[in-house]
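Before any comments, here is the structure.
The values are calculated or read from the model by the stated rules, or taken from the named source; none is laboratory data. In this text, all values refer to a predicted model and were calculated from it rather than measured experimentally. Here the Cβ positions follow ideal geometry from the backbone for every residue, glycine too, while neighbour counts run over all protein chains shown.
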Amino acid sequence: MSDELHQLTEKRFTLRKRFTLLGWIWLTMLSAANALVLYYRPFANLLGIEAFEVHHGVWPEVAILCGALIVLKAVYLRIFRRSEQLTEFASFKEALLQGRVLRMSLATRCIFLLGALALVSVGWFAREPIGTRILALLFLLFAAVELNFIIHPGETLHPDPHDELLLFFRARMLKVGYVTAILALTSLYVASLFASPYVGLLVPIALTISLLVPAFVYRRLDRQADE
Amino acid sequence: MSEARIGNRLKQRRAEKNLTQADLAKLVGVSRKTINTVENSVFIPSVLLALTLARQLDTTVEQLFYLMREEA
């Protein structure tokens, strides 16, 4: 192993990256490109999907732009930063296997999940079906991240599957999550009887509660284990 | 009717061996939190872990863990 790789693997990894000047420039360019694409709709003219966008919204423009930018960045990294990328990837892989890649904190995950829930709720109130469906995909993505945490708890991205304490925590979390989910489903059934128009709003809230309660139980157990 | 609970002398045995929780965790191959929760009776270890702990502390499982009977 090279010295550089060794130094990289020594530190504990997090999935958070500090925003550099280049990062801010990249973000500004991305926002500007997005605004321009939404204003001029070049892909609709190019692909002849104007009628589709009139009826279904401009999301294909954003999707094509995102795809093009991802390909562009991948090509740039492959050509100009190939060696750095390979070193970083090798060190990341080793850190992942050694269980040193840390997960997002509970606070960060809460911000993402509750933020997505807020957006979905706003979309529901605004009666904007296309936008709400896109936001719902984002919300479900964060819900899947949280579900993964319940099934594979631990501070690291690749927790030890034979860690007895984590298995014990998981059993507790699943028990609490199961009870919470049943209570949430019962509440939804009652709501459907007396306030059926609001069920569409209440379902993501119930899902969020069912996912976050076990996460907070893990937090409490983990702190208790640390004392 | 009696309800049995499991007590342990892990902290005492560990102190006798001049080991920290982190040292014992490293010897056994678990996290420090696992040792801490076993010592505080928050978590009851598996037979495999109990045997490994006993071996590392040069004692038997029966010496390390015992039944505390509480009349209900």
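Values computed for the structure shown
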{"read-out": "The stretch B:53-72: number of residues that are surrounded by 17 or more Cβ atoms within 10 Å (Cβ to Cβ) and of a type outside the set (Phe, Trp, Tyr)", "value": "5"}
{"read-out": "Which numbered condition A:Gly48 misses (of (1) loosely packed, with under 12 Cβ neighbours inside 10 Å; (2) at pLDDT below 85; (3) within 21 Å of the chain's Cα centre (by Cα))", "value": "(3)"}
{"read-out": "Of all residues making up the stretch A:87-129, the number that are farther than 25 Å from A:Arg219 by Cβ, over 20 Å from the mean Cα position of the chain (by Cα), surrounded by 13 or more Cβ atoms within 10 Å (Cβ to Cβ) and of a type in the set (A, V, I, L, M, F, W, C)", "value": "2"}
{"read-out": "Among residues of the stretch A:175-198, those that are of a type in the set (Val, Ile, Thr) and either loosely packed, with under 14 Cβ neighbours inside 10 Å or within 14 Å of chain B (Cβ to nearest Cβ) (or both), counted", "value": "4"}
{"read-out": "Residue that is farthest from the other protein chains (Cβ to nearest Cβ) [pool: residues in the stretch A:204-227 that are over 19 Å from B:Glu39 (Cβ atoms) and surrounded by fewer than 17 Cβ atoms within 10 Å (Cβ to Cβ)]", "value": "A:Ile205"}
{"read-out": "Filtered residues of the stretch A:116-167 (kept if within 30 Å of A:Pro197 (Cα to Cα) and of a type in the set (Gly, Ala, Ser))", "value": "A:Ala116, A:Ala118, A:Ser121, A:Gly123, A:Ala126, A:Gly131, A:Ala136, A:Ala143, A:Ala144"}
{"read-out": "From the options B:Asn18, B:Asn36, B:Asn40, residue that is of a type in the set (S, T, N, Q) and either within 16 Å of A:His162 (Cβ to Cβ) or touching a helix residue (DSSP H, G or I) at 6+ places or on another chain (Cβ under 7 Å) (or both)", "value": "B:Asn36"}
{"read-out": "Residues satisfying the stated conditions in the stretch A:158-168, i.e. crowded, with 19+ Cβ neighbours inside 10 Å and either touching a Phe, Trp or Tyr at 6+ places or on another chain (Cβ under 6 Å) or among the aliphatic types (A, V, I, L, M) (or both)", "value": "A:Leu165, A:Leu166, A:Phe168"}
